[in-house]
Every structure is written in C-alpha cells, then in structure tokens.
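For reference, the structure discussed in these notes is given below.
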Amino acid sequence: MKNRYLHPLFLLLLSLPLHFAGLSAQKQNSSIIPESLLNRPDRGLLASDGFTPESEGPGLDRSNGGTGFSLPWELGGFNARFADNFTVLTNSIPGASVRTSGGCVTSPPTTAISGLHRYLEDTLLPLPVGTSVWYISILFRPSEPLGKGAFNGFFGLTLDDEIFIGKPGDGAVNEWVIEGRGGANQVASGKRLAANRTDLLVVKVDYNRPRRLSLWVNPSERTTEPGKTDAVYERLPSSVGRIGLYSTGAFMADELRVGRTYADVVPAP
C-alpha cells in the first residue's frame with residue numbers, strides 16, 4: 001500500500017511559491033505608502049496656501065501658490081458648476097487670530113454650486129508606523145447678507161469632496177458644522193457664525209482607532225491641543241488626498257494650513 005503521508009521536503013517545495021507570492025504582495029502594498037510619509041518629521045507644515053495674489057490674474061482657479069500641493073487649484077466638488085467666482089484679494093483677511101502672509105480669497109453669493117479643490121503632495125491616510133494624525137486650519141469670514149445664495153448660502157472646506165466643514169445649507173445653518181456630502185450626518189459645533197467676523201477653524205484628522213474628525217472653533221490654546229472639542233465626526237474617509245473650497249454663499253477665507261501638530265497650524269499673529 002502507498003504511503004498516505006507526503007514527504008516533508010515535498011511539502012516545503014509546494015509552500016515556496018506561496019511564500020514568495022506573499023512577499024511580493026507585501027512589497028506591492030508597501031509601495032502604496034509614499035516614502036515621504038513613512039519617513040515624515042514629527043512636526044512642521046505639510047502644506048499651506050496663504051492665497052497670495054499671483055501675476056497671472058486675480059482668480060483662484062489654476063492658481064499654484066503655496067507649498068505641499070501637487071497641482072494648482074481646479075474646478076472640483078460634487079456638482080460644482082464653476083469656479084470663476086473665487087477671487088484673490090491683495091490684503092489678508094481682517095480680524096485674523098493667526099499669522100497671515102498677505103492676500104485672501106473671497107466669493108460672492110452664487111445661484112448654483114461652485115467649488116475648487118487641490119491635490120496634496122502627500123495623501124493623509126492610515127500609516128503602518130507612527131501616529132496617523134494631521135491638523136488642518138483655515139480662517140473664514142462670512143459676508144453679508146448671511147444665507148444669500150442657492151441652498152441657504154453655504155460655504156466651507158471639503159476633504160476629498162466627501163466631508164464638508166463650514167456653514168451648512170441645512171440643519172444648523174447659523175453654526176459651524178461637520179457633515180458628509182449633501183449634508184449627511186451633520187454634527188453641529190454649537191458655535192454660531194456672524195457676518196463680518198473672522199473665525200479660525202481647526203480640524204484634527206485622526207486615523208488611529210476610533211477614526212474621527214475633531215473640530216475646534218476659535219480655540220484659545222496656541223501650543224497644546226485643547227482637551228474639549230466643539231464637534232466630532234466619526235465617518236472619516238479612507239484617505240484625504242484633496243482639499244477644497246465649496247460654496248454658494250458669500251465669504252472670505254485665508255491661511256489654509258495642513259500640519260503634523262496642533263501648534264503647526266495655529267501660529268501666533
């Protein structure tokens with residue numbers, strides 16, 4: 001009768017192709033993570049745009065200022081029809097609570113959705129090593145009259161065209177909020193906005209478990225992350241490769257910053 005057990009050497013030879021296939025898959029997966037992220041510094045700005053005027057013209061569309069972005073500003077955002085309403089001004093936004101660099105962006109009310117987005121050089125995503133946390137800040141100043149424009153005059157910052165942080169078009173229309181595309185799963189901050197007042201929004205993008213976005217409005221702390229958040233949103237996308245402006249309402253914005261620490265994105269004036 002034949003031996004019903006396979007020789008150990010034969011089993012080893014059978015396992016070799018599977019072993020090398022696994023190594024190949026690991027190598028392919030590791031190549032997805034940018035080298036700059038795997039060897040990233042623990043602090044410092046990843047990207048920033050102070051909306052400084054360029055010689056090419058006053059429009060933000062196709063502007064290529066700032067650092068840390070792979071492409072210029074371009075038309076973007078769900079159902080965005082145009083982007084020529086975003087104008088770059090010479091002076092910084094008034095009433096800023098953080099350092100500004102000259103110039104800001106403004107938009108009037110619009111009768112249809114407008115939007116721009118811009119690709120980061122290094123996508124924000126869960127990393128195999130280190131702490132997968134980033135911070136984003138931006139200054140917003142609602143213009144009069146509040147609520148004018150399509151869909152109650154909304155405006156704000158978008159992450160990958162899926163997450164919206166700003167003044168919404170529905171729900172808590174007079175508060176700063178975080179919500180999904182189209183207003184889904186809105187989380188209000190309890191912090192009201194006001195025309196002609198500049199507010200600082202700071203967002204924490206946290207890919208550690210549980211994954212979440214945290215929002216602070218006009219935080220008083222400069223060097224240490226505040227313990228209490230104004231809003232927490234627990235539907236973080238799998239990665240953030242694009243940051244955008246999305247609006248129908250009238251506003252001004254300035255000093256978009258993406259950093260490794262909280263202190264990186266709230267520099268003193």
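Observations on the structure shown:
- Each peptide in 96-106, 153-163, 110-120 gets a packing score, the mean of other Cβ atoms within 10 Å over its residues, and the list from highest to lowest is 153-163, 110-120, 96-106.
- Between region 125-146 and region 64-120, the alpha-carbon center distance in angstrom: 15 Å
- Spin-label pair R197/D84, simplified geometry with 7 Å Cα→Cβ offset, distance in nm: 3.6 nm
- Sequence ranges 137-148, 64-75, ranked by mean other-Cβ count within 10 angstrom, highest first: 137-148, 64-75
Read-outs: derived from the displayed coordinates by stated rules, not from any lab. None of these values were measured; they are calculated from a predicted model. Glycine also receives a Cβ, built like all others from the backbone with ideal geometry; neighbour counts cover every protein chain displayed.
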